[in-house]
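Data block below; observations after.
The values are calculated or read from the model by the stated rules, or taken from the named source; none is laboratory data. These figures come from a predicted structure and were not determined experimentally. Don't worry about glycine lacking a Cβ; one is built from the backbone with ideal geometry, like all the others, and counts go over all protein chains shown. Remember, those area values only see protein heavy atoms, side chains included, never the ligands or the DNA or RNA. Shrake-Rupley method; radii C 1.70, N 1.55, O 1.52, S 1.80 Å.
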Amino acid sequence: MDSIDLSVLILAAGKGTRMKSNHAKVLHTLAGRPMVQYVCDAAEPLHPRHMYLVIGHQGEQVQKALDGPSVRWLWQRDQKGTGHAVLCFQEAHPGASGDLLLLYGDTPLIRTETLRRLVDHHRATGAHATLLTARVENPLGYGRILRDGSGRIQAIVEERDASTDQKQIREINTGIYCFQTAPLFDAIRRISSNNSQGEYYLTDVIGLEAAAGLRIESMATEDRYEYAGINSRMDLVMLEKELRSRKLDALMKEGITIRDPDSTFVDDTVRIGRDTEIFPGVVITGQTAIGEGCRIYPGVRISDSVLGNEVKVLDSSIIVASRVGNGTTVGPFAHVREHSEIGENARIGNFVEVKKSRLGNGTKAAHLAYLGDAIIGDRVNIGAGTITCNYDGYQKNQTIIEDEVFIGSDSQLVAPVRIGRGAYVAAGSTVTEDVPPNALAIARGRQVIKQDWVEKRKKAKPYGKGTEGR
Ligand code: UD1
Ligand code: CA
């Protein structure tokens, strides 16, 4: 395709009133990405000379949310309609020429292939404007295509402005167009806001161009997801469901077993290696990469994390913004929190919480522990009930546990503290001072045995009223 003459303009300034949201509509996510990102990604492979994005409502957030696209931002401070958005473009770039592929930011499932065909069709026919249309069962909410007796497009009428007869028309405007820029600029200055919404409709350009005898072409799509615009939460969920199921299909084709696609949520951004098996009720989101041969058991959530190969995440565990090495087991009921790094062949077991900590290879914390702000070496054994007391009421302090240390059960390590290589901490210790390498630290009350204490007590103080039930 001749990329020299093609620019892309994406309209994303609207508030999205029908979403009933505090956030700009185009920022609502589908399978982990803002909807407008999909539109940019679909257009990008056409290598347009420029890609412009019209922003307005919460425009700064839209700028921030878009994942490094090479777009040129264009502000539409008051959103007076899709036609007004194009007017803003014209004011900012009056000298723009060539063809303009115009898309709406709320139509995320549009495919690159269709855009390419639309531009090709536009050029092959020499049209002044080419519309992507669709024949649909239920045209509710879409602009209708009006044609004359010989089938030539005359205009687009919006649902709200359509007569009862026009509402019967089932050919709709998808909101995806290819325009010759010069006649578009000419017509856009002549549209009015004289309609039910008091807005400037881009769609009125089609009526003006047709009336001026310009050539309006159309191309149809049959893919009902491709043209679906998101106006409500129901639309959002409907399209997200489709996207998710495409993602799971793609994963299965790559050799991943997904036991129950209906209850599995995997973001579009996630990568998973072959022979990994995913059980029902699993949610994997964000920038997550999972290696080969892993098993992710029911009720697990993994976000923005990297898992090596052969990792097992047992039932009802959460891993967030962390890394887990090859062959390691996490869970059940484990919580690996942000910025943790678990080594290879390690074990984070039942009811263990790890936060901002590094655990070495072969290290085990098998039951009931809290490990926060800790650096833990290789082959360390963390007994059940171990707690790093990392917070002193003012700040977080670090615990360092060197290689091959053994921490007995129910120990508290009061940070900042260092346990030297190979040292042992006796069960039930409250460690407040550094332990040298290879030492044994016992930091608990010594056990006292009082022989026959019970008998003596009974004699001194016989059972009285109210103690019979003891
Ligand atoms: C629009 C079309 C309709 C078409 C439908 C397809 C018009 C007048 N109508 O209706 O014919 O069938 O899309 O989905 O174009 N926007 C701005 N600035 C504004 C207003 C809107 O940038 O001032 C952006 C929105 O952010 C949105 C897009 O334009 O991404 C479409 O706006 P929306 O209000 O959703 O138009 P529809 O009513 O769906
Ligand atoms: Ca819309």
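Please report, as a whole percent, how much of the solvent-accessible surface of segment 3-220 comes from carbon and sulfur atoms (probe radius 1.4 Å). List each step's numbers first, then the result.
Details: 4230 of 9490 Å².
With neighbouring chains kept in place, the figure for segment 3-220 is 45 percent.
Could you size up the charge dipole of segment 313-403 around its Cα centre, putting +1 on the beta carbon of Lys and Arg and -1 on that of Asp and Glu, and report it in debye to the nearest 20? Walk me through the numbers on the way to the answer.
Details: 9 positive and 10 negative charges, 18 e Å.
Using only the charged Cβ atoms, the result is roughly 80 debye.
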Quick one: the Cα spread of segment 3-220 along its three principal axes, in angstroms, biggest first? 48, 40, 31
For segment 239-355, with all protein chains present and a 1.4 Å probe, just round the carbon and sulfur fraction of the accessible area to a whole percent. 45 percent
Among I400, A441, N173 the positive-end extreme of the charge dipole of the chain (Cβ point charges): A441
Per-residue [θ]222 nm for the chain (sum of -39500 (n - 2.57) over DSSP H runs n ≥ 4, rounded to 500): -5500 deg cm²/dmol
Antiparallel %, DSSP beta bridges [both residues in the chain], to 5: 20 percent
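With a 1.4 Å probe and every protein chain left in place, work out the accessible area per residue of the chain in Å², rounded to a whole number. If you can, show how the numbers build up before the last one.
Details: 22820 Å² over 470 residues.
The answer is 49 Å² per residue.
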Under a crude label model (7 Å from the Cα following the beta-carbon direction), how far is V136 from W75 in nanometres? 3.4 nm
What percent do you get for the relative contact order of segment 107-168 when only Cα pairs under 8 Å and 6+ apart count? 20 percent
For the chain, the longest site-free run once chymotrypsin sites (Phe, Trp or Tyr not before Pro) in DSSP loop states with at most 14 other Cβ atoms within 10 Å are removed: 1-393
Under a point spin-label approximation (7 Å from Cα along Cα-to-Cβ), what is the D434-H367 distance to one decimal in nm? 3.3 nm
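Provide the gained length on full extension for the span K396 to A427, in nm with one decimal, where the gain is 0.36 nm per separating residue minus the Cα-Cα distance. Show your work: numbers first, answer last.
Values: separation 31, 0.36 × 31 = 11.16 nm, distance 2.43 nm.
In short, 8.7 nm is gained.
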Ordered by packing density, taken as the mean number of other Cβ atoms within 10 Å over each peptide's residues, highest first, how do 109-121, 234-246 rank? 109-121, 234-246
Take the Cα coordinates of segment 85-129, assign each an equal point scatterer, and use the Debye formula without solvent to give log10 I(q)/I(0) at q = 0.27 Å⁻¹. -1.05
For segment 155-238, average projected area of the Cα convex hull in nm²: 6.8 nm²
When the expected Rg is taken as 2.2 N^0.38 Å, what fraction or multiple of it is the alpha-carbon Rg of the chain? 1.41
Just need the relative contact order of segment 301-357 here, percent rounded to a whole number, with Cα pairs under 8 Å and 6+ apart. 30 percent
In the chain, taking the dipole from +1 charges on Lys and Arg beta carbons and -1 charges on Asp and Glu beta carbons about the Cα centre, the listed residue (G422, Q76, P183) farthest towards the positive end is G422
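Taking Cα pairs under 8 Å and at least six residues apart, what relative contact order does the chain come out at, in percent? Let's see the in-between values first.
Working: 1195 pairs, mean separation 36.5, N = 470.
After rounding, I find 8 percent.
Mean Kyte-Doolittle of at least -0.5 and a Cα length of 24 Å or more along the axis: which whole DSSP H helices of the chain meet both? Before the final figure, lay out the partial values.
Numbers: long enough: 233-253 (30 Å, -0.44).
Helices meeting the span and hydropathy rule in the chain are 233-253.
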Please list, in chain and number order, the residues 5+ apart from I258 or on another chain whose amide H is under 5 Å from its amide H, with Hs placed from the backbone. I278
About the Cα centre, charge dipole magnitude for the chain (Lys/Arg +1, Asp/Glu -1 at Cβ), debye: 2120 debye
